[in-house]
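Heads up, the thing below is written out as structure tokens.
The values are calculated or read from the model by the stated rules, or taken from the named source; none is laboratory data. Keep in mind the model is a prediction, meaning the values are calculated, not measured. Positions of Cβ are backbone-derived with ideal geometry, glycine not excepted, and every protein chain shown enters the neighbour counts. Calculation scope for accessible area: heavy atoms of the full protein, side chains included, ligands and nucleic acids excluded. Shrake-Rupley method; radii C 1.70, N 1.55, O 1.52, S 1.80 Å.
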Amino acid sequence: MLCLQNVCKIYDRGRVTALRSVDLHVARGEYLSVTGASGSGKTTLMQIMGCLLRPTSGEYRLEGVDVGALDEGARTALRAKKLGFVFQNFRLLPRMNVVENVALPLTFQGLPRAEREERAVDALCMVGLGNRLRHDPSTLSGGQQQRVAIARALCAGPDVLLADEPTGNLDPAAAAEVLRLFDRLHESGHTIVLITHDREAAARAERTIRIENGRIVR
Ligand SMILES: Nc1ncnc2c1ncn2[C@@H]1O[C@H](COP(=O)(O)OP(=O)(O)OP(=O)(O)O)[C@@H](O)[C@H]1O
Ligand SMILES: [Mg+2]
């Protein structure tokens, strides 16, 4: 599904090496967690897997497609079709209600409004928020806001869910809820890459890798 070969990432005109010869395969349906100290290269790895950042050298293939060979537009389209993102700080838009937030990525797919809304409502019911559809995100708890963000990541039907510290801003009960949701998504066939500092969270995945100073150590 995801395949990195000999991927290096150098920032700042050579001053910072964030990833060093990373080889990584993630199989379809796999649940992988990525741990490592602050600054070890986890977010850089996720941004490359998410087609948000190009490797300085090496190759990244997403379902066989050589992402490095694509232009910006093609990469954006691939990202919208295949990938869903969840971040530590939710990144919901104010002045848009919960359904509107979740439906937003679908506007780029040219779907009619009614269908966008229907899909967003389905995704919100799936994460247990069918009773908060017209609320403003700021009126929800952190755990609820993160579940809205997960619904948004899921509503376009991505193959892979990439989550960067999704429980980092949540209390233990809300974090546990989000992790249970990931377990369910995995059971229903989603491919998940979870970046986390939390050992317990990491242990929920089928496989855990650790990054130290830009290298994968197992
Ligand atoms: N845009 C950038 N320009 C220059 N250096 C960067 C940039 N982004 C990240 N870095 C550097 O690359 C290294 C890896 O950063 P990265 O954000 O991938 O770490 P991380 O493992 O996600 O850390 P954290 O756990 O704190 O989120 C760090 O040394 C960081 O300072
Ligand atoms: Mg990070």
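Within segment 102-119, not a single residue is more than 16 Å from ligand 2 (Cβ to nearest atom), open to solvent by 30 Å² or more (accessible area, probe 1.4 Å) and closer than 25 Å to Glu206 by Cα. Within segment 123-159, the set of residues being farther than 16 Å from Leu181 by Cβ and touching a residue at least 12 places away in the same chain (Cβ under 8 Å) comprises Leu133, Arg134, His135, Asp136, Pro137, Ser138, Ala156, Asp159. Looking only at segment 82-89, decide whether some residue is open to solvent by 30 Å² or more (accessible area, probe 1.4 Å), of a type in the set (S, T, N, Q) and over 30 Å from Leu45 (Cα atoms). No, segment 82-89 contains no residue that is open to solvent by 30 Å² or more (accessible area, probe 1.4 Å), of a type in the set (S, T, N, Q) and over 30 Å from Leu45 (Cα atoms). For the condition surrounded by fewer than 16 Cβ atoms within 10 Å (Cβ to Cβ) and either touching a Cys at 6+ places or on another chain (Cβ under 8 Å) or among the hydrophobic types (A, V, I, L, M, F, W, C) (or both), Thr56 qualifies.
Do we find that Leu181 is away from ligand 2 (no atom under 16 Å from the Cβ) and in contact (Cβ under 8 Å) with a residue 40 or more places away in the chain in this structure? Judged against the criteria, Leu181 is a match.
Of all residue pairs spaced 6 or more apart or on separate chains, those with beta-carbon atoms under 8 Å, a first member in segment 70-98 that is in contact (Cβ under 8 Å) with a residue 60 or more places away in the chain and of a type in the set (S, T, N, Q) and a second member that is in a loop (DSSP other than H, G, I, E, B) and surrounded by 19 or more Cβ atoms within 10 Å (Cβ to Cβ) are Gln88/Glu165; Gln88/Pro166. Restricted to segment 1-24, and to residues there that are within 16 Å of Tyr60 (Cβ to Cβ) and within 16 Å of ligand 2 (Cβ to nearest atom), the residue that is surrounded by the fewest Cβ atoms within 10 Å (Cβ to Cβ) is Lys9.
For the criterion of being of a type in the set (Gly, Ala, Ser) and open to solvent by less than 70 Å² (accessible area, probe 1.4 Å), Ala69 fails. Within segment 39-48, the set of residues being open to solvent by 60 Å² or more (accessible area, probe 1.4 Å), closer than 16 Å to Tyr60 by Cβ and within 6 Å of ligand 1 (Cβ to nearest atom) comprises just one member, Thr43. When segment 3-16 is filtered for residues that are over 21 Å from the mean Cα position of the chain (by Cα) and either within 8 Å of ligand 1 (Cβ to nearest atom) or not in a strand (DSSP E or B) (or both), the ones remaining, listed by number, are Tyr11, Asp12, Arg13, Gly14, Arg15, Val16.
In segment 25-38, the residue that is nearest to ligand 2 (Cβ to nearest atom) out of those that are open to solvent by 80 Å² or more (accessible area, probe 1.4 Å) and of a type outside the set (S, T, N, Q) is His25.
The residues in segment 164-218 that are open to solvent by less than 10 Å² (accessible area, probe 1.4 Å), modelled with pLDDT under 95 and within 16 Å of ligand 1 (Cβ to nearest atom) can be counted, and the count is 1. Restricting attention to segment 56-97, the residues being within 18 Å of the chain's Cα centre (by Cα) and either part of a loop (DSSP other than H, G, I, E, B) or of a type in the set (A, V, I, L, M) (or both) number 14. Give the residues of segment 22-38 that are more than 16 Å from ligand 1 (Cβ to nearest atom), in contact (Cβ under 8 Å) with a residue 40 or more places away in the chain and under 17 Å from Asp159 (Cα atoms), sorted by residue number. Matches in segment 22-38: Val26, Ala27, Arg28, Gly29, Glu30, Tyr31.
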